[in-house]
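Quick note: the coordinates plus some simple rules give every number you see, no bench work behind them. Computed from a predicted structure; not experimentally measured. So basically every Cβ, Gly included, is an ideal-geometry build from the backbone, and we count neighbours across all protein chains shown.
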Amino acid sequence: MEKPFRRRDLLGIRGLTAAEITGILDTAETFSEISTREVKKVPALRGKTIINLFFESSTRTRTSFELAAKRLSADAVNISVSSSSLSKGETLLDTALNLDAMAPDCIVVRHGSAGVPHQLAKASQAAIVNAGDGANEHPTQALLDAMTIREHKKHIAGLEVAIVGDILHSRVARSNIHLLTKMGAKVRVAGPGTLVPTDFAHLVENGLTVCPHIEDAIAGADVVMILRIQRERQDSAYFPTLREYSIHYGLTNERLDLAKKDAIVLHPGPMNRGIEIASEVADSSRSLILDQVKYGVAVRMAVLYLATGGTATGT
Ligand code: CP
């Protein structure tokens, strides 16, 4: 039998087993009730220190990691890169070693380059949690997406999930494709030909299909996940104009009607209304975008707890 999650670092979904993913989701479920209490705090991580080291901007991920740490009674420290000694020429590794010398239990890192969390994990005594590395992975986003799907559909195996948009530059897409195929979902991706990578061939036998048109991906889907155009990672023109992108790939009510009647809509945020998603969809009862944010706190509580030595629920 596969073992549940007991890893020190969370660097990506790719290296996790289905049992490890389930262990994190079950633990997150037990933590989610804490955020509904009047006093939103338990002593699970009292005496532990978490450092948030974000080299890229973030609203949801950074705030929810900080809230997650505080709701578990850990001490949370946010490092602002613009006011750190990185701006004086210190290397990333030296910064990490200096932070590590202060004996944090966990460093949560977001960086624009793929592989940075993996480098830090080799050098650091603290557990390293990847909060997004370049276009590589965003594991806690995929976990909170999975929690949202599980809460609303009660299972993941057998579901048909459409992922639409800028797949090429999306760490969210990569982590979700790994997670959903490991958990037995059928995943269909679609986007402009220039924004769908060809390196997914090895996942086809695990349940991944690359669709030529957005309509093919959405038809009959249980879950429609829409991705933002990652303009900050694009080095050339991948489509003529945003207006044309919106016409051909934007999620409208008309396109969503191709999905199952009870299909749910997810978007990792930040969303660009009127480009990849119409406001009428984003604000509809089928949209669970704010539920994703809500479950993000519970998932990050579970990840911090497990990364710092806690045992997964059910073990
Ligand atoms: N989904 C996500 O990573 O959002 P932020 O960039 O606001 O953290």
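Screening residue 228 on (1) assigned to a loop (DSSP other than H, G, I, E, B); (2) more than 20 Å from the chain's Cα centre (by Cα) shows it passes everything except condition (2).
Taken together, the residues in region 182-194 that are in a helix (DSSP H, G or I) and under 17 Å from the mean Cα position of the chain (by Cα) amount to 1. Scanning region 34-78 for residues that are within 21 Å of the chain's Cα centre (by Cα) and of a type in the set (Val, Ile, Thr), which turns out surrounded by the most Cβ atoms within 10 Å (Cβ to Cβ)? Among those that are within 21 Å of the chain's Cα centre (by Cα) and of a type in the set (Val, Ile, Thr), it is 50. Answer with yes or no whether residue 14 is in contact with a His (Cβ under 6 Å, 6 or more places away or on another chain) and either within 16 Å of the ligand (Cβ to nearest atom) or closer than 29 Å to residue 271 by Cβ (or both). When the stated conditions are applied, residue 14 passes them.
Within region 270-282, can one find any residue that is within 16 Å of the ligand (Cβ to nearest atom), farther than 22 Å from residue 10 by Cβ, in contact (Cβ under 8 Å) with a residue 60 or more places away in the chain and surrounded by fewer than 19 Cβ atoms within 10 Å (Cβ to Cβ)? The answer is yes, given that some residue of region 270-282 is within 16 Å of the ligand (Cβ to nearest atom), farther than 22 Å from residue 10 by Cβ, in contact (Cβ under 8 Å) with a residue 60 or more places away in the chain and surrounded by fewer than 19 Cβ atoms within 10 Å (Cβ to Cβ). Consider region 238-258 and keep the residues that are touching a residue at least 40 places away in the same chain (Cβ under 8 Å) and in a helix (DSSP H, G or I). The one that is nearest to the chain's Cα centre (by Cα) is 249.
Output yes when any residue across region 95-102 is within 15 Å of the ligand (Cβ to nearest atom), hydroxyl-bearing (Ser, Thr, Tyr) and in contact with a strand residue (DSSP E or B) (Cβ under 9 Å, 6 or more places away or on another chain), and no when none is. No, region 95-102 has no match at all.
Each residue in region 119-130 was checked for being within 16 Å of the ligand (Cβ to nearest atom) and either part of a helix (DSSP H, G or I) or without any contact (Cβ under 8 Å) to a residue 40 or more places away in the chain (or both), and 0 of them qualify.
Are any of the residues in region 253-270 over 23 Å from residue 167 (Cα atoms) and among the basic types (Lys, Arg)? Scanning region 253-270, I find at least one residue that is over 23 Å from residue 167 (Cα atoms) and among the basic types (Lys, Arg), so the answer is yes. Of the residues examined, residue 31 is not one that is within 16 Å of the ligand (Cβ to nearest atom), buried (at least 19 other Cβ atoms within 10 Å of the Cβ) and within 19 Å of the chain's Cα centre (by Cα).
Residue by residue through region 259-282, note down the ones that are assigned to a loop (DSSP other than H, G, I, E, B) and out of contact with any strand residue (DSSP E or B) (no Cβ under 9 Å at 6 or more places or on another chain). The answer is 261, 262, 269, 270, 272, 274, 275.
This table checks each residue for (1) more than 30 Å from residue 79 (Cα to Cα); (2) within 13 Å of the ligand (Cβ to nearest atom); (3) outside any loop (DSSP other than H, G, I, E, B).
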position: 132; (1), (2), (3): no, yes, yes
position: 140; (1), (2), (3): no, yes, yes
position: 143; (1), (2), (3): no, yes, yes
position: 146; (1), (2), (3): no, no, yes
position: 150; (1), (2), (3): yes, no, yes
position: 161; (1), (2), (3): yes, no, yes
position: 172; (1), (2), (3): no, yes, yes
position: 175; (1), (2), (3): no, yes, yes
position: 180; (1), (2), (3): yes, no, yes
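In the list 238, 295, 249, 245, which residue meets the criterion of being within 16 Å of the ligand (Cβ to nearest atom) and either surrounded by 17 or more Cβ atoms within 10 Å (Cβ to Cβ) or among the aromatic types (Phe, Trp, Tyr) (or both)? Among 238, 295, 249, 245, only 295 is within 16 Å of the ligand (Cβ to nearest atom) and either surrounded by 17 or more Cβ atoms within 10 Å (Cβ to Cβ) or among the aromatic types (Phe, Trp, Tyr) (or both). Residues that are more than 16 Å from the ligand (Cβ to nearest atom), assigned to a loop (DSSP other than H, G, I, E, B) and either free of Cβ contacts under 8 Å to residues at least 12 places away in the same chain or not small (Gly, Ala, Ser) (or both) within region 48-84 comprise 48, 72, 84, listed in sequence order. Listed conditions (1) more than 16 Å from residue 11 (Cα to Cα); (2) hydrophobic (A, V, I, L, M, F, W, C); (3) more than 16 Å from the ligand (Cβ to nearest atom); (4) buried (at least 22 other Cβ atoms within 10 Å of the Cβ) are all met by residue 157, apart from (4).
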